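Chemist: First the structure, which I've put down as structure tokens, then a few questions once you've had a look.
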Amino acid sequence: MALPENLLYSKEHEWLRIEGEHGVIGITDYAQNSLGDIVYVELPKVGKQISQFGGIGVVESVKAVSDLFTPVSGEVVEVNAALEGDPAAVNRDPYGEGWFLKVKLKDSNETKSLLSASAYEKITQE
Amino acid sequence: MNEPAARRTALYDDHRKHGARMVEFGGFDMPVQYAGILKEHDAVRRRAGLFDLSHMGQFRIEGPQVAAWADALTTNAVATMKPMQARYNIFCNERGGAHDDTIFYRLPEDRWLLVVNASNASKMWSLLHERPASGVRLKNRHGEDALIAMQGPASVAMLQPHVDVDLASMKYYFCVEEEVEGAPALIARTGYTGEDGFEIFVDGAFASNIWNALLKAHAHEGLEPCGLGARDVLRLEAGMPLYGHELTEEITPVQGGQSWAVKLTKPAFTGREALAAQLERDDDPRIVGLTMAGRAPAREGYAVFAGERRVGEIRSGSFAPSVGGGTNIATALVEREAATVGTALAVEIRGTRHDASVVALPFYKRS
């Protein structure tokens, strides 16, 4: 299971990559593998204000609907429009072309409540 | 009180060994997926897939009066079945709702096999005992006998080396009693995927040997072990009902689209009057097929609208790789006026209406 060291993780299986004042969000390799073949992703619209650990959309596999949560608060500045036509990118490349959205961070202190790769790995092994 | 632990089929260790993801279904720990639902689905449509269906209830029935007894309890004709024929059949309640949908297999010497849904096996076993008849003996093999299905266009070619009977000459919905890998078995040309294929009924003691022999011989030709996840997508595409969804104690076979299996020519059977009245009225809600215009899948329980009026709800829904190059499909129970093919409806998904249209079933038919 891939678990890049340069990312932060949430207990809800999202990852966050800090890029200056922005954060890029996706779901982990563990999450995509647990969900199975992903056929639909519903994301918030650009401009929407989202709050840390709040529900922001859904990820659907062939069999199931799962809620998507955000690891940080902020304003949505970009969503990965390619997922609409190719949701399987989340399965293929969860940390790369399978990214979900980019937010303008509201509070950099929020990252303190996120997990390192090794701390997240422990959760997935429980 | 704790839930009783899920039972294990004879193939449980094989599933675990080969990395299946297990879920509880119908009281058994069953594989929901192996390599992935879409990959398994593709194998069944293009080559073949192997399924463990040992959770299904298997009742052996014997005696000279079985056909007459069963004809009084079911909607389809039993007595007219030829030896070694299989036939889909439904047990209904007095209101016409379905207790279960099943398959009868007529074997030699007044022997029969009745296969019922796993989730209904206890209910059906009790029900059959409530209606005892002289000349009918029942034996419950649920969990004792295994069921392995090979489904897909390559099924004849892949199964043939393991049996002595000429599989290509077997007719659809007929069966033979023959050995598979040296074990006595019933081989039926039946299935639940919309593809050609076979179902092998065998004592659980021989199941692992057969399962592994088939995979070992044909995995390199693309035979994939499959889970219940792929099976559900395959059956939905093929327009086949799943008990608890398109048929229930409330949803009758007339509503569910199984009127072809309701034989009003039989003088009497449980539910006959209610079903005859429904057919005559032709105004009860119906199960219809829907294709979704957008990419959001419709799921069980979602509301269905015609204009501003709620006309029903989704009963099954999935992404369907074999329909229109990959489309979301669903079944819905809707008011009769909304059930005509071509009707434009909408499905409410998380507060937003999504366009859908009523289409003829099945969604997928093999070429």
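The values are calculated or read from the model by the stated rules, or taken from the named source; none is laboratory data. Keep in mind that what you see is a predicted model, and the values were worked out from it rather than measured. Heads up, the Cβs are rebuilt from the backbone with ideal geometry, glycines too, and the neighbour counts pull from every protein chain shown.
Chemist: Please verify whether B:Leu114 is crowded, with 20+ Cβ neighbours inside 10 Å and either in the same structural domain as B:Val202 (by TED's automatic domain parsing) or of a type in the set (Lys, Arg) (or both), treating the condition exactly as stated.
Modeler: It is false that B:Leu114 is crowded, with 20+ Cβ neighbours inside 10 Å and either in the same structural domain as B:Val202 (by TED's automatic domain parsing) or of a type in the set (Lys, Arg) (or both).
Chemist: Take the stretch A:1-25 and flag every residue that is charged (D, E, K, R) and either touching a helix residue (DSSP H, G or I) at 6+ places or on another chain (Cβ under 7 Å) or assigned to a loop (DSSP other than H, G, I, E, B) (or both).
Modeler: A:Glu5, A:Lys11, A:Glu12, A:Glu21
Chemist: Taking the stretch B:158-176 on its own, how many of its residues are surrounded by 15 or more Cβ atoms within 10 Å (Cβ to Cβ) and in contact (Cβ under 8 Å) with a residue 40 or more places away in the chain?
Modeler: 7
Chemist: In the stretch B:1-56, which residue that is out of contact with any strand residue (DSSP E or B) (no Cβ under 9 Å at 6 or more places or on another chain) and outside any loop (DSSP other than H, G, I, E, B) is farthest from the other protein chains (Cβ to nearest Cβ)?
Modeler: Out of the qualifying residues, it is B:Asp13.
Chemist: For the stretch A:26-90, list the strands (runs of 3 or more DSSP E) that sit wholly inside it and hold at least 3 residues that are at pLDDT below 95 and not polar (S, T, N, Q); which are they?
Modeler: Fully inside the stretch A:26-90 and qualifying: nothing.
Chemist: Where residues in the stretch B:214-235 are basic (Lys, Arg) and surrounded by fewer than 24 Cβ atoms within 10 Å (Cβ to Cβ), which of them is nearest to B:Gly317 (Cα to Cα)?
Modeler: Among them, the one singled out is B:Arg235.
Chemist: Filter the stretch B:323-365 down to the residues that are among the β-branched types (Val, Ile, Thr) and within 14 Å of chain A (Cβ to nearest Cβ) and list them by number.
Modeler: Scanning the stretch B:323-365 gives B:Val323, B:Thr327, B:Ile329, B:Val347, B:Ile349, B:Thr352.
Chemist: Sticking with this structure for a sec: Just need a number here: residues in the stretch A:100-126 that are among the charged types (D, E, K, R), assigned to a loop (DSSP other than H, G, I, E, B) and more than 18 Å from A:Val76 (Cβ to Cβ).
Modeler: 1
Chemist: Exactly one of (1) free of Cβ contacts under 8 Å to residues at least 40 places away in the same chain; (2) touching a Phe, Trp or Tyr at 6+ places or on another chain (Cβ under 7 Å); (3) not assigned by TED's automatic domain parsing to the domain that holds B:Phe25 is unmet by B:Ser259. Its number?
Modeler: Status for B:Ser259: all satisfied but (2).
Chemist: Can you tell me which residue within the stretch B:150-177, out of those that are assigned to a loop (DSSP other than H, G, I, E, B) and under 17 Å from the mean Cα position of the chain (by Cα), is nearest to B:Ala219 (Cα to Cα)?
Modeler: Once the filter is applied, the top-ranked residue is B:Gly152.
Chemist: In this structure, does A:Asp86 turn out to be acidic (Asp, Glu), closer than 20 Å to A:Thr124 by Cα and within 12 Å of another protein chain (Cβ to nearest Cβ)?
Modeler: Spelling it out, it is not the case that A:Asp86 is acidic (Asp, Glu), closer than 20 Å to A:Thr124 by Cα and within 12 Å of another protein chain (Cβ to nearest Cβ).
Chemist: Ok, one more. Here is a list of conditions, (1) within 14 Å of chain A (Cβ to nearest Cβ); (2) over 16 Å from the mean Cα position of the chain (by Cα), and B:Gln65 meets all of them except one; can you say which number that is?
Modeler: (1)
Chemist: Give me the pairs: first residue in the stretch B:38-58 and touching a residue at least 40 places away in the same chain (Cβ under 8 Å), second residue of a type in the set (Gly, Ala, Ser) and part of a strand (DSSP E or B), beta-carbon distance under 6 Å, and six or more apart or on different chains, which are they?
Modeler: The qualifying pairs are B:Glu40/B:Gly49; B:Ala43/B:Gly49; B:Phe51/B:Ala149; B:Leu53/B:Ala149; B:Ser54/B:Ala146.
Chemist: Of the residues A:His13, A:His22, only one is more than 14 Å from chain B (Cβ to nearest Cβ) and buried (at least 19 other Cβ atoms within 10 Å of the Cβ); which?
Modeler: A:His13
Chemist: Do we find that B:Leu275 is within 14 Å of another protein chain (Cβ to nearest Cβ), crowded, with 17+ Cβ neighbours inside 10 Å, in contact (Cβ under 8 Å) with a residue 60 or more places away in the chain and hydrophobic (A, V, I, L, M, F, W, C) in this structure?
Modeler: When the stated conditions are applied, B:Leu275 does not pass them.
Chemist: Can you tell me which residue among B:Gly301, B:Gly294, B:Gly317, B:Gly307 is farther than 24 Å from B:Gly244 by Cβ and within 14 Å of chain A (Cβ to nearest Cβ)?
Modeler: That would be B:Gly294, the only listed residue that is farther than 24 Å from B:Gly244 by Cβ and within 14 Å of chain A (Cβ to nearest Cβ).
Chemist: Still on this structure, I have one more. Pick from B:Leu186, B:Leu138, B:Leu147: which is in a strand (DSSP E or B), outside the structural domain of B:Asp14 (by TED's automatic domain parsing), in contact (Cβ under 8 Å) with a residue 60 or more places away in the chain and touching a strand residue (DSSP E or B) at 6+ places or on another chain (Cβ under 7 Å)?
Modeler: B:Leu138
Chemist: Related question: I'd like to verify a number: residues in the stretch A:45-67 that are over 20 Å from A:Ser34 (Cα atoms) and touching a Lys or Arg at 6+ places or on another chain (Cβ under 7 Å), how many?
Modeler: Qualifying residue count for the region: 0.
Chemist: Still on this structure, please answer the following. Which numbered condition trips up A:Glu126, out of (1) surrounded by 14 or more Cβ atoms within 10 Å (Cβ to Cβ); (2) out of contact with any Ser or Thr (no Cβ under 7 Å at 6 or more places or on another chain)?
Modeler: (1)
Chemist: Would you confirm whether any residue within the stretch A:63-80 is without any contact (Cβ under 8 Å) to a residue 40 or more places away in the chain, within 10 Å of chain B (Cβ to nearest Cβ) and buried (at least 20 other Cβ atoms within 10 Å of the Cβ)?
Modeler: yes
Chemist: Name the one entry in A:Gln32, A:Gln52 that is more than 10 Å from chain B (Cβ to nearest Cβ), polar (S, T, N, Q), touching an Asp or Glu at 6+ places or on another chain (Cβ under 8 Å) and buried (at least 17 other Cβ atoms within 10 Å of the Cβ).
Modeler: A:Gln52
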